[in-house]
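Engineer: Before I ask anything, here is the structure I am working with.
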Amino acid sequence: MSQKILILDDDSDFNSLLTDIFEQADYDVTSLTDPEKALESFKANTYDLVVTDHKMPEMTGAEFMKLIKKDKPEVPVIMVSGYLENETIRELIRDGVGGVFLKPLNIFSLLERTSELIEECAQEEAPVEPSDAGEAVVEESDASEISFRSYPCLSGASVAFAERISNVANFESTLSLIGESGIHYRTICEDIRLLGESEDDEFIYLSSGSFSPEQTLSLIQQVEDKGAKRVTCVILDSEKMNDAQKVTATELAKRTGAFEGMSLRTIFCVNGDLDSLFDAGMIDENLYILMGTAEVTVPPLRKCDADIEVMAQQLVASAAQKRAWPSIPRIDRAARDLLRKQPWAGNFKELSDTVDRIIAANPGASIEHSDVREALKVEPAADIRSLLKTHLSGEQVDLVRAALILSESDVDEVAAVLGAQAESIQPLVN
């Protein structure tokens, strides 16, 4: 017999998404948007677990939980919310909540915690003192689960990555995120921000194509004026910086020059192996040393096949909500299998673009195999430039050499495609 879950969320779209998540996991779900009706249903039926939103107009999730705990204190409760202060989370735990999750949800963690709570309740384990329980949930569940959003953590590679990010989130000076093109670095950096110990940290994002010392100082000043005690500067596509930007990035990382005495950290987001980039002249010696101080390798999507279908469904849900659709299309099993089998050379960006094409085709209540297959169609490369743009990422030296072969040693052509300087490529001409 399926275990029964009561879902209360006044947001009908998010309620529908939660219902889909639990139904796909073979739970028997009752979904309601009105707290009073949810109370009536809870008293009239037997539920194994309750999932409730926290911020609702009629009553808060905390108030709802107190009412149902008076009637059946043994039924575990999971709270979801768009944002909660740490003190609020601690209060919820003291009041008996079994887990706290922020939107957008880490679906794997939500289902895992649901299973744990239902099993604990079934085994009638001895209750834990409130103070001890509070510490356990925050440390073992909330701190790592409610904040990690870049990967659903369904594969070994993504779980290992999440653990690594959790361990380095409070780095002091520099951190390099090393991956392939198309990685969703901004979301990863948001994970780092949420996992950090200080709530007074702010992140600013610098594009390698445009940032300057003046712009950087201005952005730092803006967040400091809003109360930031420390600023983390994230440099996207760090391997594409020009010479002037390399100088600025070095001063940022060392906190010298215009940035002397500031409370700063720097994250370099790099598409490619550091050694290969250095050998190709795309990063200089100063940056090579700074970037190598602390590195985290970001797994490509092809190594996280178990995460892909969940990430795709989250993208569908987000797109549907932005369009104010009355319901969120579900990706059926055949379509999910097709998504998992793709190589995803363009990583998250390619997945996101594919979902955009599916949504633009106005799917019905279900996204089917044919919808995904149509969205995955790509035109053959018309010329060498489009071919190189598609394939050049990652192992830079070998790929640059391959590009030179394809272009018949046209250094200027390869440099234009890579956004690099011709003189940095010239040494690789055989």
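The values are calculated or read from the model by the stated rules, or taken from the named source; none is laboratory data. Bear in mind that the values here come from a model prediction, so they are computed numbers and not experimental data. Backbone-built Cβ (ideal geometry, glycine too); neighbour counts: all protein chains shown.
Engineer: Against the definition (at pLDDT 85 or above and closer than 22 Å to Asp53 by Cα), how does Ser115 come out, yes or no?
Structural biologist: In short, yes.
Every residue, every condition in (1) crowded, with 20+ Cβ neighbours inside 10 Å; (2) farther than 20 Å from Leu274 by Cβ; (3) in contact with a helix residue (DSSP H, G or I) (Cβ under 7 Å, 6 or more places away or on another chain), yes or no:
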| position | (1), (2), (3) |
| --- | --- |
| Gln215 | no, yes, no |
| Ser218 | no, yes, no |
| Asp225 | no, yes, no |
| Ile235 | yes, no, yes |
| Lys240 | no, no, no |
| Thr248 | yes, no, yes |
| Leu252 | yes, no, yes |
| Gly257 | no, yes, yes |
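Engineer: Quick one: in region 9-42, which of the residues that are in a loop (DSSP other than H, G, I, E, B) and either of a type outside the set (A, V, I, L, M) or within 16 Å of Ile78 (Cα to Cα) (or both) is modelled with the lowest pLDDT?
Structural biologist: Asp26
Engineer: Quick check: anything in region 279-288 at pLDDT below 90 and β-branched (Val, Ile, Thr)?
Structural biologist: yes
Engineer: Go through Val97, Val51 for me and flag whichever is closer than 22 Å to Phe14 by Cα, assigned to a loop (DSSP other than H, G, I, E, B) and among the hydrophobic types (A, V, I, L, M, F, W, C).
Structural biologist: Val97
Engineer: Taking Asp191 as the residue in question, decide whether it is surrounded by 17 or more Cβ atoms within 10 Å (Cβ to Cβ), modelled with pLDDT under 70 and either assigned by TED's automatic domain parsing to the domain that holds Ala345 or not in a loop (DSSP other than H, G, I, E, B) (or both).
Structural biologist: Values: surrounded by 17 or more Cβ atoms within 10 Å (Cβ to Cβ): yes; modelled with pLDDT under 70: no; either assigned by TED's automatic domain parsing to the domain that holds Ala345 or not in a loop (DSSP other than H, G, I, E, B) (or both): yes.
When the stated conditions are applied, Asp191 does not pass them.
Engineer: Restricting to region 131-169, give me the number of residues that are at pLDDT 50 or above and outside any helix (DSSP H, G or I).
Structural biologist: Matching residues across region 131-169 total 9.
Engineer: Among the residues of region 379-394, are any out of contact with any Cys (no Cβ under 9 Å at 6 or more places or on another chain), modelled with pLDDT of 80 or more and not in a loop (DSSP other than H, G, I, E, B)? Reasoning before the result, please.
Structural biologist: To start, the set of residues in region 379-394 that are out of contact with any Cys (no Cβ under 9 Å at 6 or more places or on another chain) comprises 379-394.
Next, from what is left, pick out any that are modelled with pLDDT of 80 or more: none.
The answer is no, given that none of the residues of region 379-394 is out of contact with any Cys (no Cβ under 9 Å at 6 or more places or on another chain), modelled with pLDDT of 80 or more and not in a loop (DSSP other than H, G, I, E, B).
Engineer: Go through the residues of region 249-266 one by one and say whether even a single one is hydrophobic (A, V, I, L, M, F, W, C) and over 20 Å from Ser173 (Cα atoms).
Structural biologist: No - not one qualifying residue is present in region 249-266.
Engineer: Sticking with this one: Does region 189-218 hold any residues that are closer than 22 Å to Ala258 by Cβ and small (Gly, Ala, Ser), and which are they?
Structural biologist: Across region 189-218, the qualifying residues are Ser207, Ser208, Gly209, Ser210, Ser212, Ser218.
Matching residues to (1) β-branched (Val, Ile, Thr); (2) touching a residue at least 60 places away in the same chain (Cβ under 8 Å):
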| site | (1), (2) |
| --- | --- |
| Ile267 | yes, yes |
| Ala280 | no, yes |
| Gly292 | no, yes |
| Pro300 | no, yes |
| Asp305 | no, yes |
| Met311 | no, yes |
| Ala317 | no, yes |
| Ser327 | no, yes |
| Arg336 | no, no |
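Engineer: I want to confirm something. Restricting to region 43-53 and keeping residues that are buried (at least 23 other Cβ atoms within 10 Å of the Cβ) and not β-branched (Val, Ile, Thr), which single residue is modelled with the highest pLDDT? Let's see the steps before the verdict.
Structural biologist: Going through region 43-53, the residues buried (at least 23 other Cβ atoms within 10 Å of the Cβ) turn out to be 49-53.
When the remaining residues are screened for being not β-branched (Val, Ile, Thr), the result is 49, 53.
Values: Leu49: 95, Asp53: 92.
Among them, the one singled out is Leu49.
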